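The structure appears right after this line, and notes come after that.
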Amino acid sequence: MRRRTGLLFVLPALLLFGVFVLYPMGTAFSYAFFEWRGTNRGAFAGLENFRTLFTRAPFTTDLPRALLHNVLFFAGTMVFQNTIGLGVAFLLHRRARTRRLLQTLYAMPYLVSPIVIGYLWTLLLSPTFGPVNQLLTKVGLESWALPWLGDPKTALWVVVLVSVWQWIGFPVLLYGAALGGVPEELTEAARVDGASHRQAFFKVTLPLLVPAIGTVSVLTFIFAMEAFALPYAFGGSTGNPAGSTDFVSLLFYRTAFDSGSIDAIGSSSALATLLFLVIFGGAIGATSVLRRHERRITA
């Protein structure tokens, strides 16, 4: 009886998940294996649409470049966002009075739409009237007043740093909760045995944070591989300037809606399926590695 009652409460969520998530995923997966003439589905094509992604222009140049940008975006956010987030969470953990207030302030940017964040920073970094370059010029750093979003060498890293600024509150909250679960007796025992604060952190606290670090890492990977709104706000659907902010999701958007190709549905569905397999496989692989590491620590 209790199981039936519980299922009754869960059923609306399952229906919504099935209609708006599972069904679109299933249809996109099936579309990738058929020929398309506009919106008319043709004969079964097997892996032909996937072969197109690796043998036909513009995919032969755009797909490797976009995938590389996704990987660099993940590496940048992983290094900066999670390292800074862990440091901030550790410092806030010692400030009991202002901890909640500061956590809220750090979390506020990721409550705003990435599109809004992107357009806001586009104005702030404008080389003509942006306050960032004006401030750099006034303090004598004219050489640093660059066209940040107009130079292919800096545009991608601007996207990375703005993403770090927006989402820093997420690891701060997760690491803060994980630090709250670390017994104080362990660090106090390490201090009594002569360990410094640094040694106590790296030898006692940090190993106990591995589950939280694993969760943040996997979620960061998923977010980085499917990033769309922020790169779109900065560089448009073509990943300007000169494709330096192009991502796989933007390539999918161009293929599906901007290319005008007669087989756009088949190619874009194949690209979406490929991206899903990369994300799913990477997340499963990373999770299994982290679980083995956790078992080694607790053994």
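The values are calculated or read from the model by the stated rules, or taken from the named source; none is laboratory data. A quick note: this is a predicted structure, and the numbers were derived from the prediction, not measured. In this analysis, Cβ positions are derived from the backbone assuming ideal geometry, glycine residues included, and neighbour counts consider all displayed protein chains. Surface areas here come from the heavy atoms of the whole protein model, side chains and all, with no ligands, DNA or RNA. Shrake-Rupley method; radii C 1.70, N 1.55, O 1.52, S 1.80 Å.
Do we find a residue being crowded, with 16+ Cβ neighbours inside 10 Å, touching an Asp or Glu at 6+ places or on another chain (Cβ under 8 Å) and closer than 30 Å to LEU206 by Cα anywhere in region 249-266? Within region 249-266, none of the residues are crowded, with 16+ Cβ neighbours inside 10 Å, touching an Asp or Glu at 6+ places or on another chain (Cβ under 8 Å) and closer than 30 Å to LEU206 by Cα. Of the numbered conditions (1) of a type outside the set (S, T, N, Q); (2) closer than 30 Å to ALA178 by Cα; (3) open to solvent by less than 50 Å² (accessible area, probe 1.4 Å), LEU219 satisfies every one except a single condition; which is it? So LEU219 meets the others, but not (3). Checking the stated criteria, GLY87 turns out not to satisfy the condition of being within 30 Å of LEU173 (Cα to Cα), in a helix (DSSP H, G or I), open to solvent by less than 30 Å² (accessible area, probe 1.4 Å) and not basic (Lys, Arg). Restrict the check to region 3-10 and report whether at least one residue is of a type outside the set (D, E, K, R), over 30 Å from GLY266 (Cβ atoms) and at pLDDT 95 or above. No, region 3-10 contains no residue that is of a type outside the set (D, E, K, R), over 30 Å from GLY266 (Cβ atoms) and at pLDDT 95 or above.
In region 190-207, the residues that are more than 15 Å from LEU86 (Cα to Cα) and without any contact (Cβ under 8 Å) to a residue 40 or more places away in the chain form Cβ pairs under 8 Å with partners that are basic (Lys, Arg) and open to solvent by 30 Å² or more (accessible area, probe 1.4 Å), at six or more places apart or across chains, as follows: ALA190/LYS203; ALA195/LYS203; HIS197/ARG191; ALA200/ARG191.
Determine whether ARG95 is of a type in the set (Lys, Arg), assigned to a helix (DSSP H, G or I) and out of contact with any His (no Cβ under 6 Å at 6 or more places or on another chain). No. From the list THR77, THR5, THR52, THR27, the lone residue that is touching a helix residue (DSSP H, G or I) at 6+ places or on another chain (Cβ under 6 Å), over 25 Å from ALA224 (Cβ atoms) and outside any strand (DSSP E or B) is THR52. For region 262-299, name all the residues that are in a loop (DSSP other than H, G, I, E, B) and either touching a helix residue (DSSP H, G or I) at 6+ places or on another chain (Cβ under 8 Å) or in contact (Cβ under 8 Å) with a residue 24 or more places away in the chain (or both). Correct list: ILE262, ASP263. Among the residues of region 18-49, those that are open to solvent by less than 100 Å² (accessible area, probe 1.4 Å) and of a type in the set (A, V, I, L, M) comprise VAL19, VAL21, LEU22, MET25, ALA28, ALA32, ALA43, ALA45. Taking the numbered list (1) in contact (Cβ under 8 Å) with a residue 24 or more places away in the chain; (2) touching a Lys or Arg at 6+ places or on another chain (Cβ under 6 Å) in turn, PHE221 passes all entries but (2).
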